[in-house]
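K.L.:
I have a structure here, written as structure tokens, and I will follow up with some questions on it.
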Amino acid sequence: MEDVTTELLDELMILSGCGVRDLYQREAELPSRHHELLPLVIACLRRIAKGGAWKRSPMQYQDKLLDTAALAETLLKISKDVRDRMNSVARKATPVMAACKSYLGEQREVVSYWLREEEKKIRRARTSLAELTHLCWKSLEDWHQEAGPKAQRSRSTSPIEHPDKLIELDSVVTQSATQMITLLEKQPAVLFEPGGRVPVAAIKSLAPAAFEQLVSALLERDGFTVHQAVCRSGDNAADSIATGPMGLRYAVQVKHTKGSRNIDPTPVRELAGTLRKVHGSDIAVIVTNGGFTRHAVTNAEQTRVLLVDLFRLERWAEHGESLVAVLSS
């Protein structure tokens, strides 16, 4: 993905504002971009944030007006496309995303609200650019009528209308692009593309039932066949039994904590005692959104119960490592 962004950025940096607009519109419509819209968006935003200098010559001033207007138009299109993409992804949520739908929904609302507010600023800037362009061409027309034939052959001595206003409007566009980059790069990738990864921030916000749902979804993502416990009050220390890709049976206990508290040895002993006799399983795993006490870790080592704390959970859920890989290291 980074290579795609770098390649696009190299091409974009040599384009004018109109060139950036045309390239984005062309690339965004390609079927291949349906799965990598964000790299295209970030690359274009970086070019827009760069803006462009001019030496206040009349010719460059008129070109700068056109370029800034084109970049503002591109920025509006990008913002709308990002909002549309988030809504589309929400309708195609994977099981892992569904477990964190409340958190992801809140993030989606935050991003959408911010983008809509930026769009209002850009539209105002675009209107002002249109007015400034009209003044420029009106002034140029008047000048052509008053100037002599020799002067009319060159724009080098034609008037410049409100150069400071153009600088101000250009700043609005470039700053908005910069802020949009910062906002989008902080968001979880699953807002823009359906997937099986969720950030730790989402996990920390989950209620107990949703946390159990997430663990089951992560197991399924890794190719496990998951059998949910029939009765919460009689689960015999295991919330689910999962058959791994190699045919081994896992008894999984999910322990939700508040404030990332540590789990004591009790669940370890309970799961170890029911692993084979009750569940007919080969491997015992306890997953928590917190940590484990020193006694719990010692007990787990003695009874061969595998532990997944918040650090390992981050590797599993956010970085996309498989449960087997996480447990083996």
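The values are calculated or read from the model by the stated rules, or taken from the named source; none is laboratory data. What you see is a predicted model; the values in this text were computed from it and never measured. Here the Cβ positions follow ideal geometry from the backbone for every residue, glycine too, while neighbour counts run over all protein chains shown. Heavy atoms of the whole protein, side chains included, go into the accessibility calculation; ligands, DNA and RNA do not. Shrake-Rupley method; radii C 1.70, N 1.55, O 1.52, S 1.80 Å.
K.L.:
Could you please state, rounded to a whole Å, how far the C-alpha centre of the range 272-329 is from the C-alpha centre of the range 241-266?
P.N.:
Answer, in whole Å: 6.
K.L.:
Work out how much length Thr127 to Trp114 would gain on full extension: take 0.36 nm times their residue separation and subtract the Cα-Cα distance, in nm to one decimal. Intermediate values should be presented prior to the final figure.
P.N.:
On the way: separation 13, 0.36 × 13 = 4.68 nm, distance 2.03 nm.
Length gained, Thr127 through Trp114: 2.6 nm.
K.L.:
Could you put Tyr250, Tyr113, Tyr61 in order of accessible surface area, largest first, with the 1.4 Å probe and the full protein assembly present?
P.N.:
On the way: Tyr250 20, Tyr113 135, Tyr61 0 Å².
Ranking Tyr250, Tyr113, Tyr61 by accessible area, largest first, yields Tyr113, Tyr250, Tyr61.
K.L.:
OK, next. Quick one: 3J(HN,Hα) in Hz for the range 251-259, Karplus 6.51/-1.76/1.60 with θ = phi - 60°, rounded, Gly and Pro as x.
P.N.:
After applying 6.51 cos²θ - 1.76 cosθ + 1.60, I find 9, 10, 10, 10, 10, 8, 10, 9, x Hz.
K.L.:
Which loop-located trypsin sites (Lys or Arg not before Pro) does the range 239-291 contain, where loop means any DSSP state but H, G, I, E or B and the Cβ has at most 14 other Cβ atoms within 10 Å? Write down the numbers at each step before the final one.
P.N.:
Working: sites: Arg249, Lys255, Lys258, Arg261, Arg269, Arg276, Lys277; in loops: Lys258, Arg261, Arg276, Lys277.
Passing both the DSSP loop test and the Cβ count: Lys258, Arg261, Arg276, Lys277.
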